[in-house]
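Following: one structure in structure tokens, then a few remarks.
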Amino acid sequence: MNFTNYLREFPDEKGFFGPYGGVFLPKELEEALEEVTDAYERIAHTESFISELRRIRRDFQGRPTPIYPCERLSASLGKGRTQIYLKREDLNHMGAHKLNHCMGEGLLAKYMGKKKLIAETGAGQHGVALATAAAYFQLECEIHMGEVDIAKQAPNVSRMKLLGAKVVPATHGLKTLKEAVDSAFSAYSKDYKDALYCIGSTVGPHPFPKMVRDFQSVVGFEARDQFEKRTGFLPDGVIACVGGGSNAMGIFSGFLDTPVTLYGVEPLGKGPQPGDHAASLTYGVDGTMHGFHSIMLQDAAGEPAPVYSIASGLDYPSSGPEHAYLQSIGRVNYGAIDDEEAVEAFFALSRLEGIIPALESSHALAYAMKLAREDGYGSLLVNLSGRGDKDLEYILERYGDRF
């Protein structure tokens, strides 16, 4: 397949990436999303919108984020023939890649005349980023978060509230990310005339997978240009963690039309048994949930299955439709990393490079370390999608004997 015009051609007008994607919602919400689609296609490609977003990224977010060579970590792995580099999204304002699409969505809401932003969050980084965007654009903000994740990610909950957001606990089911999405969609269905739903990943009904990918693609195009200028060539591999898949689609976008091997890394959690992981692309089947068709983990009744990951931002029972499509055509290789491997990478980067990664990003780093140990060579670029401040309390509680 020729990927030269891929980002223009996918998704199609109905929001499909091959058989995946689309809009599967009640009629009234379909009409609301048609309004969002029309506004995005009409407004987001104008010179005034692009110019304003570029100014925000430069002056408010602190972009571009740098490329960093992990010389000590690389030397510690096997024969040291693989050089690991990081795309430092942890240095983006508020400590993660999430602000890239949240500022875009907030700006779009402002152009549309909306008064409120509604969203879900798992690890809390998307919630913090959207609360930041709402404060910047002076919009109301309502963040839905699973009760389990509220307890697990207390620092981010405090940040959201400090920024002026209302945090709504999801108290049904497993009380994690899937339930937060349920809760947020329910709230949006009652308030869509005045609010914009700002989904936190490349999931959900069209146009969200496309919008989030497009806003996040700044990561990939920055990284490609930076890497070539720094080294004179492209990396051999680009690696990113995948839950819903926003940080991965962001960095992959800059390399889809190159010979670079792309790796998406899912959370294997405690192991391959149902309920012990959230590796939907690895173990899932075709299904429809939250308004889109993709690969998902299902129970015996065909409903979304219980999932688990040490990383709250990855414990979702499906993945973005674009990831499902890219897997089906063989453009991206998807693998999985378990909790223990992710924690090992968390400590290794902290102690060898002085960089504390988010547990989500630690999955991608662990995969790079595994490739390097398998007598690899060349260069690997890892999207360090967020910093680990939010995870310190949890790590201290569970892995305090390693300090």
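The values are calculated or read from the model by the stated rules, or taken from the named source; none is laboratory data. Keep in mind the model is a prediction, meaning the values are calculated, not measured. Glycine gets a Cβ as well: all are built from the backbone with ideal geometry, and neighbour counts include every protein chain shown. Areas reflect the complete protein model, heavy atoms only, side chains present, ligands, DNA and RNA absent. Shrake-Rupley method; radii C 1.70, N 1.55, O 1.52, S 1.80 Å.
Taking Cα extents along the principal axes in Å as calculated from this structure, the corresponding entry among (i) 79, 62, 51; (ii) 67, 45, 37; (iii) 59, 44, 41 is (iii). Multiplying the residue separation of SER328 and ARG58 by 0.36 nm and subtracting their alpha-carbon distance yields 93.6 nm.
Taking every alpha-carbon pair under 8 Å whose residues sit at least 6 apart, the stretch 225-332 reaches a relative contact order of 25 percent. Dividing the mean sequence gap of close Cα pairs (under 8 Å, 6+ apart) by how many residues the chain holds gives a relative contact order of 20 percent.
If you line up the long axis of helix 47-56 against the longest principal axis of the chain, both from Cα atoms, how many degrees apart are they, to the nearest 10? Taking Cα atoms only, the helix is inclined about 50 degrees.
Using θ = phi - 60° in the Karplus curve 6.51 cos²θ - 1.76 cosθ + 1.60, the 3J(HN,Hα) couplings for the stretch 261-266 round to 7, 10, 10, x, 10, 9 Hz; x is entered for Gly and Pro. A cut-off of 5 Å between modelled amide H atoms, ignoring neighbours fewer than 5 places along the same chain, links GLY378 with GLN83. Across SER385, SER76, SER253, mean-square fluctuation computed from a Gaussian network of the chain (C-alpha pairs under 10 Å connected) peaks at SER76. Indicate the gyration tensor shape class of the stretch 1-56 (rounded, prolate or oblate), computed on the Cα atoms with a ≥ b ≥ c the square roots of the eigenvalues: a/c under 1.5 is rounded; otherwise a/b larger than b/c is prolate and the rest oblate. Cα axes put the stretch 1-56 in the oblate bin. Taking amide H as placed 1.01 Å from N in the peptide plane, the amide H of GLY146 sits under 5 Å from that of THR121, ALA170, ALA180, each at least 5 places away or on another chain. Label sites at TYR399 and LEU352, each approximated as a point 7 angstrom past Cα along Cα to Cβ, lie 1.4 nm apart. For the options THR261, THR231, THR121, a Gaussian network treatment of the chain with springs between C-alpha atoms closer than 10 Å singles out THR231 as fluctuating the most. Given a 1.4 angstrom probe, I'd like the percentage of the accessible area of the stretch 142-281 that is carbon and sulfur, rounded to a whole number. Percent of accessible area from carbon and sulfur atoms in the stretch 142-281: 52. With a Förster radius of 45 Å applied to the beta-carbon distance between GLU71 and LYS27, the computed FRET efficiency rounds to 0.20.
Dividing the mean sequence gap of close Cα pairs (under 8 Å, 6+ apart) by how many residues the stretch 260-403 holds gives a relative contact order of 22 percent. Determine how large the accessible area of LYS115 is when every protein chain is in place; take a 1.4 Å probe and give Å² rounded to the nearest 10. Surface open to solvent at LYS115 totals about 120 Å².
With respect to the chain, whose longest principal axis is taken over its alpha-carbon atoms, helix 125-137 is tilted by about 50°.
With all protein chains kept in place, the per residue accessible area of the chain amounts to 38 square angstrom at a probe of 1.4 angstrom. Placing unit charges on the Cβ atoms of the charged side chains and taking the dipole of the stretch 1-65 about its Cα centre, the candidate lying farthest along the positive direction among PHE16, GLY62, ALA32 is GLY62.
Here the Gaussian network model covers the chain, with springs between Cα atoms less than 10 Å apart; of GLY124, GLY21, GLY237, GLY237 fluctuates the most. Each principal axis of the Cα cloud of the stretch 188-312 was evaluated for its coordinate range; sorted largest first, these ranges are 52, 43, 24 Å. For the stretch 19-87, chymotrypsin sites (Phe, Trp or Tyr not before Pro) meeting the loop criterion (DSSP other than H, G, I, E, B) and having at most 11 other Cβ atoms within 10 Å: none.
As a rough guide to protection, the peptides 317-327, 343-353 ranked by mean Cβ packing within 10 Å, highest first, stand as 317-327, 343-353. Computed extension gain for THR231 through ASP299, at 0.36 nm per residue and net of the alpha carbon distance, reaches 19.7 nm. Both numbers refer to the Cα atoms of the stretch 33-181; Rg and Dmax are 18.1, 57 Å.
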